[in-house]
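As structure tokens, the structure follows; a few thoughts come after it.
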Amino acid sequence: MSDRQGSVSLRAVVKKHGLTTVLHGVDLDIRAGEFFVLLGPSGSGKTTTLRILAGLEPVSAGHVLMDGVDVTDREPGERDVAMVFQSYALYPHMTVEQNIGFPLKMVGQPKDATARAVTEAAAKVGIEHLLQRRPGQLSGGQQQRVALARAIVRQPRLFLLDEPLSNLDAKLRLETRMELKRLQRSLGVTTVYVTHDQEEAMTLADRVAVFMEGRIVQVAPPRQLFSQPAQASVAGFIGTPPMNLVEATWSGDQVRLAEGASLPVTARTDGERPVLLGVRPADLRFANDGIPATVELVEELGDNSIVNLLAGSHRLRLKTEGATDVTENSAVHLRFAPTAAHLFDRASGERLN
């Protein structure tokens, strides 16, 4: 058990598997008590980063610091961290009580103190009535709570979770997500959480690191990720549906699309510049003029509708509240407010406005 704060830093961390580089010099600072999410598509390096923090993967280069102390070469048991795996990794022959208490048994804690700690941890995740059952008698959601209780029972300074909700159904995932956030707040423990689900990341995180191809492309609070993506790759990943990105030419305070439409933006440039124009689906509007498009498909989702459109060679999505009266194959025009335009350098993908 630890009374340390739980800040974490990665310094120029490189990870290679043979000739393949999985992490390209990752730098990261996680504050004590923060709920920090590593977000990215499959194969982007986020789980490898978590395993490096846990001590389960050695680094090829760079350093891992916890509370300012270099722990790069320390074994997992010397790092005072607890990890919850996607598979929960419970011992099937043990009761829930024995599973939760196992970490304390391994460090030789007295039985009476272990029993108290197990009861407290079980109560925090609402499974005190299941202590005498075995994992095979539990639902997926109950097994997940046992894994959480086992992680928090010894009060680690760092709590690591690798896609812990991915095996749950949609309703239970939503409920457990909120409980997990409340649990982390009540414990005050630094938590690093891996997911490819941006909705999980946006609702849980204090800050998010977005991974793309072994690199961190942006670290920011969820609201900033959505409103000011630093890279076109982030813009195209965050949001449901994600941002529309189309090639355009930026000149003065106008953007001109290949389809010939020119629309105003709040930013200004000298001369002409090739850009990627980004517009959120909720910021697109039907209009009498603007970008000509054809309706391909309308997805009615109850409280909103997603209209899939073809504008020249570009596929766009428009999100509208409630139902929409546009029909498939109809010709429409699209506009957006000047303030809704996101402009990215076409070559580097970096944000320009």
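The values are calculated or read from the model by the stated rules, or taken from the named source; none is laboratory data. All values derive from a computational prediction rather than experimental measurement. FYI the Cβ positions are ideal-geometry reconstructions off the backbone, even for glycines, and counts take in every protein chain you see.
Before moving on, here are some points about what is shown:
- From the options E200, E299, E247, residue that is within 20 Å of the chain's Cα centre (by Cα) and either farther than 21 Å from E321 by Cα or not hydrophobic (A, V, I, L, M, F, W, C) (or both): E200
- Residues satisfying the criterion are absent from segment 226-236 (criterion: in the same structural domain as F36 (by TED's automatic domain parsing), modelled with pLDDT under 90, part of a helix (DSSP H, G or I) and over 12 Å from the mean Cα position of the chain (by Cα)).
- Just one of (1) touching a Leu at 6+ places or on another chain (Cβ under 8 Å); (2) in a loop (DSSP other than H, G, I, E, B); (3) in contact (Cβ under 8 Å) with a residue 60 or more places away in the chain fails for V208. It is (2).
- All positions within segment 179-194 that are out of contact with any Ser or Thr (no Cβ under 8 Å at 6 or more places or on another chain), more than 13 Å from G33 (Cβ to Cβ) and not acidic (D, E): L180, R182, L183, Y193
- Test: residue in segment 120-130 that is touching an Asp or Glu at 6+ places or on another chain (Cβ under 9 Å), crowded, with 17+ Cβ neighbours inside 10 Å and among the basic types (K, R): no
- Close contacts from segment 314-326, counting a first residue that is within 12 Å of V246 (Cβ to Cβ) and in contact (Cβ under 8 Å) with a residue 24 or more places away in the chain and a second that is surrounded by fewer than 19 Cβ atoms within 10 Å (Cβ to Cβ) and of a type in the set (V, I, T), with Cβ to Cβ under 6 Å and a gap of 6+ residues or different chains, come to R317/I306.
- Residues that are in contact with a strand residue (DSSP E or B) (Cβ under 8 Å, 6 or more places away or on another chain) and of a type in the set (D, E, K, R) are absent from segment 140-149 altogether.
- R207 basic (K, R), outside the structural domain of G278 (by TED's automatic domain parsing) and over 28 Å from A347 (Cα atoms): no
- Breaking point among (1) farther than 20 Å from Q218 by Cβ; (2) buried (at least 16 other Cβ atoms within 10 Å of the Cβ); (3) of a type in the set (A, V, I, L, M, F, W, C); (4) in contact (Cβ under 8 Å) with a residue 40 or more places away in the chain, for V71: (4)
- Subset tally (residues that are touching a Ser or Thr at 6+ places or on another chain (Cβ under 6 Å) and not charged (D, E, K, R)) for segment 145-164: 2
- Filtering segment 248-280 to residues that are assigned to a strand (DSSP E or B), hydrophobic (A, V, I, L, M, F, W, C) and without any contact (Cβ under 8 Å) to a residue 60 or more places away in the chain leaves A248, L257.
- Residue match in segment 163-174 (condition: in contact (Cβ under 8 Å) with a residue 24 or more places away in the chain, assigned to a loop (DSSP other than H, G, I, E, B) and over 27 Å from P41 (Cβ atoms)): no
- Contact map, segment 8-36: first residue under 21 Å from T195 (Cβ atoms), second residue in a strand (DSSP E or B) and of a type in the set (F, W, Y), Cβ cut-off under 8 Å, separation 6 or more or different chains; pairs are I30/F36; F35/Y193; F36/Y193.
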